[in-house]
Amino acid sequence: MTLDEFRQILASATPPDLSPLLQSLWHDAKGDWDQAHRLAQEVSGEDGAWVHAYLHRKEGDLSNARYWYRQAGRNAATGPLDAEWARIVDQLLSRR
């Protein structure tokens, strides 16, 4: 699946049958931050921390976001949120 194909499934009423992190980002794009956060916080490892960091950055909780970026082994993002969302989705899809 490509990033463009993932964007197309945002029109669906139900989340895709993909990993919890991709489901998290699907919920985020649909405006359900709480469900996105619930899914992301259940995934350990650097990818889970990266999604978690992005979500807290989007929420505006920058100190918490910085913590999660450190857990992900990444510098805190500063660019547009939609660009970071696309970068995360693209990288997660490339690992499927």
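Just so you know, all these numbers are worked out from the coordinates, no wet-lab data involved. Because the structure is a prediction, the values reported are computed rather than measured. Every residue, glycine as well, gets a Cβ built from its backbone with ideal geometry; the counts of neighbours run over all protein chains shown.
Assorted remarks:
- Sorted peptide list for 47-60, 2-15, criterion being average Cβ within 10 angstrom, highest first: 47-60, 2-15
- Full extension of the chain segment joining ASP90 with GLN41 gains 15.7 nm, where the gain is 0.36 nm per residue of separation less the Cα-Cα distance.
- For the chain, with +1 on Lys and Arg beta carbons and -1 on Asp and Glu, the positive-most of LEU25, ALA76, TRP50 along the dipole: ALA76
- Summed side-chain charge close to TYR67 - residues other than TYR67 whose Cβ falls under 14 Å, Lys, Arg +1, Asp, Glu -1: +1
- Legend: calculated FRET efficiency, LEU81 to ASP17, from the Cβ-Cβ distance at R0 = 25 Å, rounded to 0.05, equals 0.45.
- Structural descriptor for the chain: relative contact order 24 percent, calculated from alpha carbon pairs under 8 angstrom and at least 6 residues apart.
- Magnitude of the charge dipole, the chain, Cβ model with Lys/Arg +1 and Asp/Glu -1, debye to 20: 260 debye
- In the chain, helices alone account for a calculated mean residue ellipticity at 222 nm of -20000 deg cm²/dmol, with every DSSP H run of four or more residues adding -39,500 (n - 2.57).
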